[in-house]
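Some notes on the structure that comes next.
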Amino acid sequence: MTSPDLDAAAPAPPARETATAKSNPQKPRTPPVARPDGPLITPVGAPWPPPYYFEDELRRVRPYHWTYNTYCKERWRGRTLIDIFESEFRDRPAAYYRASMETGDIYVNGKQVGPGYVVRNGDLVSHTLHRHEPPVTADPVGVIHEDDDMIVINKPSGVPVHPAGRYKFNSVIEIMKADRGKDFMPYPCNRLDRLTSGIMFVAKSVRAAEEMGNRIKLRTVRKEYLARVAGEFPDGEVVCDQPILQISPKLGLNRVRANGKTARTVFKKLAYYPPTERELAKTAEASGEQPRTVGDAEERYTPWLGKRGYSIVRCLPVTGRTHQIRVHLQYLGHPIQNDPIYANQRVWGFGLGHEDADGTQNTDEDVISRLSRMGKEEVAEAVVYYDEMVDKYEKRRAEKMTGELCGVCDTPLYSDPGAHELSLWLHSLRYEDAGGAWSYTSPLPRWALPPDGVAGPTTVGGMEELVEAAEDEKAEMAA
């Protein structure tokens, strides 16, 4: 259960026991504690300090018990408890939810009820579970600027801002609390997706957060991103004003559609790096073939558009739709190179959504169905993804079921996430006041720097040309 209104937690035993799903299924398991007759309710208060530990360049959290509490949502009224959990929560198998309702780990209004209980308005639904958080990068939350009211941070990629879903302690908010003390209360002023890195504003008070939030809403603050995209991006300022529609709230999936919300992004190429013979040969080797020429290899391994090399692109979002930059770059035919969703051929087909505003190449239903099937037992891999530092194994690795079960709660365990699940080549580079009162710029991420032995920009100039293009009503739009 996610997005609780109230919650409570207690730490689990520090050691994690595992058992192989296929090994001796008849062997009885000894519960860690004696079960009460009624619902299992854990004590109020989160573990302190958070149960972090570091291993293999990842920040990990030892499993712990946690109770979620949330009041009945309008869409839940009149539905059975098991129907709600099966349709809206994907963290565990349906059999787990049914068993938890029968044992009282999932209960309503402090009382044990069965899976067939019909949820009513005002009901408080509680769920006590043994939480297993995914690991995140061990990179720290960098500080770019700090004063009495505000902290400007450089968010690491792969770390969610707020506790949500399977993440609690492995979030920017909780990591900052752990770094600064139990009484520190951060107030994020802007939002970044989990995979996106870069500048964020974290206020030290509600007042400061509201002031900065209002500035961002009133568009008196400009922001610039960097993206690494497939192929050679066009020269000059490219303005895309295609509307964006959320086609699946559950999956967080968006696409360009004529009946979507207005959206506008300005793009400008910072650098282009063509592929080397060595890179193409290595890509071919991973696929078991050897290309004859650069052109032959490129046509064979990126048949969907024949893109060569990659570009570093500056991005100025004028509006703030979810996944706006990712969706607009996909539509323009230059998706972010390692985007596991919008550069995924298995989801979008050979065209990857290029100039498919009416959905004729791939219907919304087809796209949603394909992405839904790419769940926890499959690798959501960007087909255009390539990086010389990531070998064939790492490229194909992703967080997926291992076949092991937790010895405490029988939850299926997952492997560590792969490199492409910890990073998206999209970075929040700069925020500045439109009136020139202040400006903050983060360092360029490693993937935006020139490859070894290749000349290219290591800094980014001012935003004047991007702003001028954004404000020019006569600017030629990307079709």
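Some points to look at:
- Area accessible to solvent at Asp148, 1.4 Å probe radius, in Å²: 140 Å²
- Other residues within the sphere of radius under 15 Å centred on the Cβ of Pro443, judged by their own Cβ, net out at +1 (K and R +1, D and E -1).
- Accessible-area value, Cys409, 1.4 Å probe, nucleic acids and ligands omitted, Å²: 30 Å²
- Projected area, mean over directions - the stretch 136-227, Cα convex hull, nm²: 6.3 nm²
- Taking amide hydrogens as placed 1.01 Å from N in the peptide plane, the amide H of Val221 sits under 5 Å from those of Ala434, each at least 5 positions away in sequence or on another chain.
- Two-site FRET efficiency, Thr262 against Glu86, from Cβ-Cβ distance with R₀ of 41 Å, rounded to 0.05: 0.65
- Placing a label point 7 Å from the Cα of Ala99 along the Cα-to-Cβ direction, no residue of the stretch 124-142 has a backbone N closer than 12 Å.
- Electrostatic bookkeeping for Phe85 treats Lys and Arg as +1 and Asp and Glu as -1; over the other residues with beta carbon under 11 Å from its beta carbon, the sum is 0.
- A probe of 1.4 angstrom, applied to the heavy atoms of all protein chains, finds Lys73 with accessible area near 60 square angstrom.
- Accessible area in the full protein assembly, largest first, 1.4 Å probe, for Arg278, Arg92: Arg278, Arg92
- Less than 5 angstrom separates the built amide H of Arg79 from those of Val119, all sequence-distant by 5 or more or on a different chain.
- Inter-part distance where the stretch 333-372 and the stretch 96-167 are each reduced to a Cα centre, Å: 30 Å
- Using the Cβ-Cβ distance between Glu365 and Lys73 with R0 set to 30 Å, the FRET efficiency from 1/(1 + (r/R0)^6) comes to roughly 0.75.
- Potential lengthening of the chain between Glu57 and Ala164 amounts to 36.3 nm, from the contour at 0.36 nm per residue minus the alpha-carbon distance.
- Taking 0.36 nm per residue of sequence separation and removing the Cα-Cα distance, the Val143/Leu218 pair yields an extension gain of 24.4 nm.
- Residue pairs, from the table Lys182/Lys223; Lys168/Lys204; Lys177/Lys261; Lys111/Lys182; Lys217/Lys250, whose Cα atoms sit over 28 Å apart: Lys182/Lys223; Lys177/Lys261; Lys111/Lys182
- Distance between the 7 Å Cα→Cβ label points at Arg191 and Arg120: 3.4 nm.
- For the set Phe54, Phe169, Phe184, the ranking by accessible area, highest first and with no ligand, DNA or RNA atoms included, is Phe54, Phe184, Phe169 under a 1.4 Å probe.
The values are calculated or read from the model by the stated rules, or taken from the named source; none is laboratory data. Just so it is clear, the model here is predicted, and its values are computed rather than measured. In this analysis, Cβ positions are derived from the backbone assuming ideal geometry, glycine residues included, and neighbour counts consider all displayed protein chains. Accessible surface is based on the protein model in full, side chains and every heavy atom, while ligands, DNA and RNA are left aside. Shrake-Rupley method; radii C 1.70, N 1.55, O 1.52, S 1.80 Å.
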